[in-house]
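Participant: Here's a structure for you.
The values are calculated or read from the model by the stated rules, or taken from the named source; none is laboratory data. Model, not experiment: these values are computed from the prediction. Every residue, glycine as well, gets a Cβ built from its backbone with ideal geometry; the counts of neighbours run over all protein chains shown. The area values use the complete protein model at the heavy-atom level, side chains included, leaving out ligands, DNA and RNA. Shrake-Rupley method; radii C 1.70, N 1.55, O 1.52, S 1.80 Å.
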Amino acid sequence: MRHPPVLLSALALAGCATKPPAVTAATVKRNPCTDGILALYFKDEAATLQPSLSLEWPARAVTECPGAKFKVIGLPSPSGDSLQGQRAEALAQALRSFGVPQPDFELGDAEDQARPVLEILVRPER
């Protein structure tokens, strides 16, 4: 080896370049009483909710924010008359299973229907 200092320098630089960056951002805990919009996803052409949909936030809001009420925008009132009505019924059942009372439903315009959401309607004082 004729150039050990160059080799050592190259190895040191390579080691620095591959170190992961230090994490400096703190995780902020979400306030369930004031922070709340949940995008609703359903299986294609089916009334069942996507398995990845987490109902943790509305369940926390009910237990931590007495009097919290919710509204679904983009789905009609629950019924079996249409796919959207069946989706609304599936959502209402899923929410009830987590202790969340039935939300208000508002069909909204075509854009709302393409991307339905659950939002907190009443934000009681904590």
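Participant: Residues in segment 40-58 that are open to solvent by 50 Å² or more (accessible area, probe 1.4 Å) and not hydroxyl-bearing (Ser, Thr, Tyr): how many?
Facilitator: Residues meeting the conditions: 6.
Participant: Any residue that is closer than 20 Å to CYS33 by Cα, surrounded by 14 or more Cβ atoms within 10 Å (Cβ to Cβ) and touching a residue at least 40 places away in the same chain (Cβ under 8 Å) - is there at least one of those in segment 99-108?
Facilitator: Scanning segment 99-108, I find at least one residue that is closer than 20 Å to CYS33 by Cα, surrounded by 14 or more Cβ atoms within 10 Å (Cβ to Cβ) and touching a residue at least 40 places away in the same chain (Cβ under 8 Å), so the answer is yes.
Participant: Oh, and also: What number of residues within segment 59-71 satisfy the criterion of being in a loop (DSSP other than H, G, I, E, B) and either surrounded by fewer than 20 Cβ atoms within 10 Å (Cβ to Cβ) or of a type in the set (D, E, K, R) (or both)?
Facilitator: 2
Participant: If we scan segment 72-90, do we find a residue that is open to solvent by 70 Å² or more (accessible area, probe 1.4 Å), out of contact with any Cys (no Cβ under 6 Å at 6 or more places or on another chain) and under 22 Å from CYS33 (Cβ atoms)?
Facilitator: No, segment 72-90 has no match at all.
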